[in-house]
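Visitor: If you scroll down you'll find the structure; I have some questions about it.
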Amino acid sequence: MLILQPCFTALPPNKFLSFRRAKPLHHAGFYSGLLSPVTRMRTKTPHSQLETNGFGGRDDEELEDAIDVSWAGGGFGGRQGEDNDYDKDPEFAEIMGSCLDDPDKAKSKMEERLRKKRNKILHTKTGSANPMKVHFNKFVFSNSYIWLEFYNAPLEQDISLISDTIRSWHIVGRLGGCNSMNMQLSQASLDMKPSYDAIQGANVTPTTFYNIGDLEVQHNLARIWVDIGTVEPLLLDILINALTQLSSDYVGIKQVMFGGSEFEGWEENLKSEDVGYNVHKI
């Protein structure tokens, strides 16, 4: 014979009938209406258990303080007090919410958003619209100056950007990255699948960038001494391309001259910072 036994202790009728719905919890910015069904069930459970066991006389605020709801938030392990980025940008949250249901609609909304905020995303160019002029004056790869003439005296951030550009150029050249004898991919046909012959690349005569001096600045003029060593015109093309973009987008460069021991306006004896002379390490 099967005997069924109650699984809980009998309670006085008045206590059992005094069971009431617990007040929703508000914790760490989460609203009860946004919690998952499992979370809402867990939120009610401690109240129900306390009142069922005869502790219904405590205030709801005291019960909230006594309950640890650090797991609130749908059971995904979110840290307490960490705000969701979507709350700060409802428009973006709406786009992300509709990307699965209607990808085309989400795409059009994102494109419209980019058009509206284009000015905040794309910074205005601060360079010059005039093309940078390039001249050569008895340039020798092993021992020459490279001269820069700016439209205005460059600011500190401009000098930093120019120094970083020249430093990067020197590093790539020093590692042999500017070797016109090994340009397999750029000289290959676009219709063919790209391929690289490692043996051919290893047997090419290496190029290097021997030495480079510091960047000297006087007012709106600058110069830097280089010892490229290997006669490699590709190195000059790469520097000219970088300076052209730098002049257009950031700081206007009137002209670049390769070679020559003198430049109009440069004072060889001017070596004081008080009169506009500065040296920047490359």
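The values are calculated or read from the model by the stated rules, or taken from the named source; none is laboratory data. It should be emphasised that the depicted structure is a prediction, and the values quoted were computed from it without experimental measurement. Positions of Cβ are backbone-derived with ideal geometry, glycine not excepted, and every protein chain shown enters the neighbour counts.
Visitor: Going through the stretch 132-146 one residue at a time, which ones are in contact with a Phe, Trp or Tyr (Cβ under 7 Å, 6 or more places away or on another chain) and closer than 15 Å to Ala242 by Cα?
Guide: Selection gives Ile146 alone.
Visitor: Go through the residues of the stretch 203-221 one by one and say whether even a single one is assigned to a helix (DSSP H, G or I) and over 35 Å from the mean Cα position of the chain (by Cα).
Guide: Step one: filter the stretch 203-221 for residues assigned to a helix (DSSP H, G or I), giving 203.
This time we only want the ones that are over 35 Å from the mean Cα position of the chain (by Cα), so: 203.
Yes; the residues of the stretch 203-221 include at least one that is assigned to a helix (DSSP H, G or I) and over 35 Å from the mean Cα position of the chain (by Cα).
Visitor: Anything in the stretch 263-282 that is assigned to a loop (DSSP other than H, G, I, E, B) and closer than 18 Å to Phe150 by Cβ? List them, or say none.
Guide: Scanning the stretch 263-282 gives Phe263, Glu264, Gly265, Trp266, Glu267, Leu270, Gly276, Ile282.
Visitor: Can you pull out every residue in the stretch 143-165 that is of a type in the set (S, T, N, Q) and assigned to a strand (DSSP E or B)?
Guide: The first filter runs over the stretch 143-165 and keeps only residues of a type in the set (S, T, N, Q), leaving 143-144, 152, 157, 160, 163, 165.
The answer is Ser144, and nothing else.
Residue by residue, here is whether (1) among the β-branched types (Val, Ile, Thr); (2) modelled with pLDDT under 95; (3) surrounded by fewer than 17 Cβ atoms within 10 Å (Cβ to Cβ) holds:
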| position | (1), (2), (3) |
| --- | --- |
| Ala188 | no, yes, yes |
| Asn203 | no, yes, yes |
| Leu215 | no, no, no |
| Leu221 | no, no, no |
| Ile224 | yes, no, no |
| Leu236 | no, no, no |
| Met257 | no, no, no |
| Gly265 | no, yes, yes |
